[in-house]
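Below is one structure, written out as structure tokens; comments come after it.
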Amino acid sequence: MTTSSVLSTTTLPFRPDLFSAGEKLSGDPLAVNSPWDGSVVGMVPTGGKRETADAIDAAHHATRNPLPAYRRAEILDGAAARIEANRDALARILALEIGKPVSQALIEVDRCVQTFRFSAAEARTLTGTGVAFDAHPAGVGHRGFTIRVPIGVIAAITPFNFPLNLAAHKVGPAVATGCGVVLKPSREAPLAAAALAYILYDAGLPREALSVVVGSSSQIGDVLIADDRVGMITFTGSSEVGWQLAARAPQKRVSLELGNSTPLIVCADADLSAAAGAVAASGFAFAGQSCISVQRVIVERSVHDRFVDELIGASAGKTLGDPLDPATFVGPLINNNARDRVADWIEEAQDSGATPIVDSGSGGPHLGPTVLDQVDPSDRVWHDEVFGPVVGIRTFESFSEAIEAANATEYGLQAGIFTMDIRRALDAAEQLDFGGVTINETPTFRVDQMPYGGTKISGNTREGPRYTVREMTEERVVVIGG
């Protein structure tokens with residue numbers, strides 16, 4: 001498919017232009033290639049240190065001169081309406097640039113609408129609190145309250161896998177608080193970021209309030225870290241890069257949403273069909289390229305064989321194919337390097353004794369769903385984040401053994417359990433060392449207003465517009481003397 005047929009104004013109601021400080025970028029063009037067939041699906045201009053510095057200048061001015069709250073809310077609601085109106089076109093961008101199956105891309109677009117609507121609600125309701133000064137003898141005759149003020153410029157760094165909604169989770173709350181934003185999307189997914197920025201501009205957001213810069217991570221990152229006007233860096237990506245970023249910016253607020261090696265415990269009393277369906281759906285959707293894709297399944301030994309039979313059946317319809325085909329469920333990995341890495345990890349696990357019970361093999365350059373039974377816990381497909389369509393299984397005898405196996409990871413984003421025993425479910429909620437625990441639901445579950453985030457190396461904050469706006473503001477006390 002040619003670039004012009006994908007990105008012409010006759011196909012999409014917006015253009016793939018990127019703007020820094022209100023000016024169209026004009027740096028060396030970056031080709032965006034389809035992970036499915038390698039074709040060029042778009043071209044975007046790149047920027048570097050100068051463009052990033054200009055973007056910070058503009059964002060700082062916007063932060064110092066914010067629009068009133070009602071207007072910020074109107075812009076966010078207007079953007080939500082425009083996203084909804086362009087649902088199919090935006091889903092097509094996601095399918096083309098990152099290989100997300102279009103049925104799942106539509107879900108991401110719908111979630112982006114909700115993220116902006118929840119952000120608009122925060123713009124209308126973000127307030128401080130009253131303070132009872134006369135509760136202290138020295139405070140008699142004084143009155144006061146707190147207000148929430150923008151923390152400064154927001155540097156938002158987003159990954160390829162949810163380029164629309166994860167950007168919305170950073171940009172939406174920033175607009176709600178009145179913070180200017182410099183958005184650095186993944187080089188694999190700049191088209192969705194460009195579309196999102198265009199929609200916000202069209203809804204009335206001043207261009208100085210949002211710049212989108214694609215280019216060298218080191219050049220852009222160096223400027224964002226060094227500039228004192230950047231009050232917060234919000235990063236979603238790998239744990240290694242995230243914690244390095246936090247170490248380099250000790251005086252900034254650094255919000256990290258990072259990886260996981262997601263466990264799901266399946267007890268003997270569980271609805272095995274429901275559990276198997278959840279594993280197949282959340283383990284293989286978008287080729288497992290979600291930080292909370294189910295990766296480690298810990299099954300009670302007495303029902304292992306029954307569960308495996310259910311999982312084989314549930315996996316049968318999870319087809320690998322063209323992301324633009326509505327029947328496709330899996331889609332390609334983002335690039336050949338990712339595919340080769342995942343294939344190497346599968347081979348390593350098999351060499352260690354794991355048995356493939358679902359082995360879809362490859363579809364040309366692509367990798368289909370794989371389920372490995374009795375994976376050695378030292379294998380990378382078990383203890384590292386696989387970020388591919390691979391699920392491993394191990395068994396347990398006692399509940400304490402299951403909890404120990406689930407917790408035996410340096411990650412801590414989300415975990416889940418399937419059981420009909422309410423006591424066991426609540427014990428799991430207390431004992432699993434993760435930021436979120438799901439009960440009789442896949443740990444891949446997320447709605448966009450909930451507090452979402454991890455423990456251990458998986459992160460240090462909670463996202464969701466209500467929570468993010470508080471991270472992006474400082475609480476300031478105002479004291480009025482007698």
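The values are calculated or read from the model by the stated rules, or taken from the named source; none is laboratory data. Here the structure is a predicted model, which is why all the values come from computation and not from measurement. Neighbour counts are summed over all protein chains in view; Cβ atoms, including those assigned to glycine, are modelled from backbone coordinates with ideal geometry. The area values use the complete protein model at the heavy-atom level, side chains included, leaving out ligands, DNA and RNA. Shrake-Rupley method; radii C 1.70, N 1.55, O 1.52, S 1.80 Å.
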Exercise. Between a first residue in the range 309-338 that is in a loop (DSSP other than H, G, I, E, B) and a second residue that is of a type in the set (D, E, K, R), which pairs have beta carbons less than 7 Å apart while being 6 or more apart in sequence or on different chains?
Worked result: Pro323/Lys100; Thr328/Asp322; Phe329/Lys318; Val330/Lys318; Gly331/Lys100; Leu333/Arg339; Ile334/Glu188
For this session: Could you check how many residues of the range 468-482 are open to solvent by less than 70 Å² (accessible area, probe 1.4 Å) and more than 14 Å from the chain's Cα centre (by Cα)?
Result: 6
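For (1) open to solvent by 20 Å² or more (accessible area, probe 1.4 Å); (2) of a type in the set (Ser, Thr, Tyr); (3) under 29 Å from Arg117 (Cβ atoms), each residue gets a yes or a no:
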residue	(1), (2), (3)
Val386	no, no, no
Val390	no, no, no
Glu397	yes, no, no
Ile422	yes, no, no
Gln431	yes, no, no
Gly435	yes, no, yes
Phe445	yes, no, yes
Problem set entry | Within the range 159-186, tally of residues that are hydroxyl-bearing (Ser, Thr, Tyr) and either closer than 15 Å to Ser238 by Cα or surrounded by fewer than 24 Cβ atoms within 10 Å (Cβ to Cβ) (or both) | 1
For this session: Restricting attention to the range 292-308, report how many residues are in contact with a Lys or Arg (Cβ under 8 Å, 6 or more places away or on another chain) and either of a type in the set (Asp, Glu) or in a loop (DSSP other than H, G, I, E, B) (or both).
Result: 1
Seminar exercise, completed: Conditions (1) in a helix (DSSP H, G or I); (2) closer than 19 Å to Glu410 by Cβ; (3) among the hydrophobic types (A, V, I, L, M, F, W, C); (4) open to solvent by less than 20 Å² (accessible area, probe 1.4 Å) -> Ile265 fails only (1)
Exercise. Pairs, please: C-beta under 9 Å, at least 6 apart or cross-chain, first residue over 29 Å from Ala53 (Cβ atoms) and open to solvent by less than 40 Å² (accessible area, probe 1.4 Å) and in the range 6-33, second modelled with pLDDT of 65 or more and β-branched (Val, Ile, Thr)?
Worked result: Val6/Val40; Val6/Val41; Val6/Ile93; Leu12/Ile93
Seminar exercise, completed: If you go through Ala138, Ala156, the only one that is surrounded by 24 or more Cβ atoms within 10 Å (Cβ to Cβ) and hydrophobic (A, V, I, L, M, F, W, C) is Ala156
Problem set entry | Identity of the residue in the range 21-64, part of a helix (DSSP H, G or I) and among the small types (Gly, Ala, Ser), that ends up farthest from Ala174 (Cα to Cα) | Ala53
Seminar exercise, completed: Those residues of the range 311-326 which are more than 17 Å from Ser290 (Cβ to Cβ), open to solvent by 30 Å² or more (accessible area, probe 1.4 Å) and touching a strand residue (DSSP E or B) at 6+ places or on another chain (Cβ under 7 Å) amount to Ile312
Exercise. Any idea how many residues of the range 216-237 are in a helix (DSSP H, G or I) and more than 13 Å from Ala59 (Cα to Cα)?
Worked result: 9
Exercise. If only one of Ala189, Ala270, Ala203, Ala276 is surrounded by 24 or more Cβ atoms within 10 Å (Cβ to Cβ), more than 22 Å from the chain's Cα centre (by Cα) and among the small types (Gly, Ala, Ser), which one is it?
Worked result: Ala276
Seminar exercise, completed: All conditions in (1) farther than 30 Å from Pro173 by Cα; (2) touching a Phe, Trp or Tyr at 6+ places or on another chain (Cβ under 7 Å) are true of Gly288 except (1)
For this session: May I ask you to list the residues in the range 238-258 that are assigned to a helix (DSSP H, G or I), touching a residue at least 40 places away in the same chain (Cβ under 8 Å) and in contact with a helix residue (DSSP H, G or I) (Cβ under 6 Å, 6 or more places away or on another chain)?
Result: Ser239
Exercise. Residue check, Pro150 against (1) open to solvent by 10 Å² or more (accessible area, probe 1.4 Å); (2) in contact with a strand residue (DSSP E or B) (Cβ under 7 Å, 6 or more places away or on another chain); (3) closer than 20 Å to Asp110 by Cβ, all met but one. Which one?
Worked result: (3)
For this session: Looking for whichever is crowded, with 20+ Cβ neighbours inside 10 Å, among the aromatic types (Phe, Trp, Tyr) and within 24 Å of the chain's Cα centre (by Cα) here; the options are Phe307, Phe329. Which one fits?
Result: Phe329
For this session: Look at Ala174 and say whether it is at pLDDT 95 or above and part of a helix (DSSP H, G or I).
Result: yes
Exercise. Which condition number does Pro377 fail, the rest of (1) assigned to a helix (DSSP H, G or I); (2) surrounded by fewer than 23 Cβ atoms within 10 Å (Cβ to Cβ) being met?
Worked result: (1)
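A quick yes/no check of all residues on (1) in contact with a Cys (Cβ under 6 Å, 6 or more places away or on another chain); (2) among the small types (Gly, Ala, Ser); (3) closer than 13 Å to Ile157 by Cα:
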{"residue": "Gly204", "(1), (2), (3)": "no, yes, no"}
{"residue": "Glu208", "(1), (2), (3)": "no, no, no"}
{"residue": "Val212", "(1), (2), (3)": "no, no, yes"}
{"residue": "Gly215", "(1), (2), (3)": "no, yes, yes"}
{"residue": "Ile220", "(1), (2), (3)": "no, no, yes"}
{"residue": "Ile225", "(1), (2), (3)": "no, no, yes"}
{"residue": "Phe235", "(1), (2), (3)": "no, no, yes"}
